[in-house]
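J.: Below: one structure in structure tokens.
Throughout, read-outs are computed from the coordinates displayed, never taken from laboratory work. All values reported here derive from a predicted model rather than from experimental measurement. Ideal geometry is used to build each Cβ from the backbone, glycine not excepted, and the neighbour counts take in all protein chains shown.
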Amino acid sequence: MTGGRAEHFAKEIAASGDIAKSRADLIARTELGRATGALDQARALSIGSNGYIWRTAEDGDVRHSHREMEGKFVEWGKPPTLDGMTGHAGELPNCRCYKEIVFPTSHSYPA
């Protein structure tokens with residue numbers, strides 16, 4: 001596969017076997033989020049970033065545990081565990097949160 005949107009990957013996943021569309025959508029969104037997150041982290045680490053500020057979609061669908069993370073600093077090497085799952089913003093199943101990357105000179109957050 002090459003770059004694309006989650007919808008494209010969901011169609012390919014659904015076509016690969018006996019899998020419901022909703023499950024294919026979940027897998028595609030989650031895996032695309034993880035891949036994007038790994039790239040974000042690699043880029044940020046390469047410029048000396050220690051972490052990011054957790055940001056949510058700020059709507060009624062945001063999970064309580066994710067809402068509690070809004071605005072908190074997260075170190076790259078210490079992803080939080082929320083609802084029994086460990087991962088960074090945007091990398092958990094159905095998570096629409098995102099990382100506001102902290103650059104080395106932008107703020108003084110704990111290392």
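J.: State yes or no: is ARG34 under 20 Å from GLU7 (Cα atoms) and basic (Lys, Arg)? Before the answer, list the steps.
T.: Details: under 20 Å from GLU7 (Cα atoms): yes; basic (Lys, Arg): yes.
Yes.
J.: Let me ask something else about it. If you check SER65, SER22, which single one turns out to be of a type in the set (Ser, Thr, Tyr), within 26 Å of GLU7 (Cβ to Cβ) and out of contact with any Phe, Trp or Tyr (no Cβ under 9 Å at 6 or more places or on another chain)?
T.: Details: SER65 fails: within 26 Å of GLU7 (Cβ to Cβ).
After applying the criteria, what remains is SER22.
J.: Of the residues ALA35, ALA24, ALA28, ALA44, which single one is of a type in the set (A, V, I, L, M, F, W, C), closer than 20 Å to PRO80 by Cβ and crowded, with 16+ Cβ neighbours inside 10 Å? Talk me through it step by step, then tell me what you get.
T.: On the way: ALA35 fails: crowded, with 16+ Cβ neighbours inside 10 Å; ALA24 fails: closer than 20 Å to PRO80 by Cβ; ALA28 fails: closer than 20 Å to PRO80 by Cβ.
One residue alone meets the criteria, ALA44.
J.: Where in the stretch 15-111 are the strands (runs of 3 or more DSSP E), entirely inside, with at least 1 residues that are of a type in the set (Asp, Glu) and touching a Ser or Thr at 6+ places or on another chain (Cβ under 6 Å)?
T.: Per the criteria, no element qualifies.
J.: Answer yes if at least one residue in the stretch 73-93 is exposed (fewer than 15 other Cβ atoms within 10 Å of the Cβ), under 24 Å from ILE27 (Cβ atoms) and of a type in the set (A, V, I, L, M, F, W, C), and no otherwise.
T.: There is at least one residue in the stretch 73-93 that is exposed (fewer than 15 other Cβ atoms within 10 Å of the Cβ), under 24 Å from ILE27 (Cβ atoms) and of a type in the set (A, V, I, L, M, F, W, C).
J.: Could you run through the stretch 39-68 and say how many residues are within 13 Å of the chain's Cα centre (by Cα) and in contact (Cβ under 8 Å) with a residue 24 or more places away in the chain? Spell out the reasoning first.
T.: We begin by selecting, within the stretch 39-68, every residue within 13 Å of the chain's Cα centre (by Cα); these are 39-41, 52-57, 66.
Still in the list and also in contact (Cβ under 8 Å) with a residue 24 or more places away in the chain: 40-41, 52-57, 66.
The total comes to 9.
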